[in-house]
1. Working only within region 25-59, note down all residues that are more than 28 Å from Ile108 (Cβ to Cβ) and of a type in the set (Gly, Ala, Ser).
2. Within region 60-76, work out how many residues are more than 11 Å from the chain's Cα centre (by Cα) and closer than 15 Å to Leu105 by Cα.
3. Quick one: what pairs do we get from region 85-106, first residue at pLDDT 85 or above, second among the polar types (S, T, N, Q), C-beta under 8 Å, 6+ apart or different chains?
4. How about region 67-84: which of its residues are of a type in the set (Asp, Glu) and touching a residue at least 24 places away in the same chain (Cβ under 8 Å)?
5. Take the conditions part of a helix (DSSP H, G or I) and either touching a Lys or Arg at 6+ places or on another chain (Cβ under 6 Å) or surrounded by 10 or more Cβ atoms within 10 Å (Cβ to Cβ) (or both) and apply them to Thr110. Does it pass?
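The values are calculated or read from the model by the stated rules, or taken from the named source; none is laboratory data. All figures in this text were calculated on a predicted structure; none of them were measured in a lab. Quick reminder, even Gly has a Cβ in these numbers, built from the backbone with ideal geometry, and neighbours come from all protein chains shown.
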Amino acid sequence: MRHSGTPLNALTAGAGYGFHADHRFRTSAVDEVRRIDEEWCRATAGKRTVRHNLLARGHADPDRYFAIMFFDSHESFAQNSDLPETQAAAEQYRWADAPPVSHVLDIIQTAASLS
């Protein structure tokens, strides 16, 4: 998933991003992940409810990836999940080295700094 360059605390603090989905998976084919994401972004333009998304790689484990998506609410997450394009993209991840593990989380607090 693409990163907009906006700091996370600016995205979540007071922005109403109260919900996020975290998908973890292993792959040695990150170019395929990017291709699937780009196709999904084109196919869902004007329909998707994702406010921000990013793709991160494990620092100590370069074949471990995290796709993190931010939503306004659980309802907007469900609406996005129900899109046929989202379901088709999820099916394409079956080739990953290990099945994706997904977590859906309510954001209860963010902080710009912990110091």
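1. Ser28, Ala29, Ala43, Ala45, Gly46
2. 5
3. Glu85/Thr44; Thr86/Thr44; Thr86/Asn80; Gln87/Ser81
4. Asp72
5. Criteria not met by Thr110.
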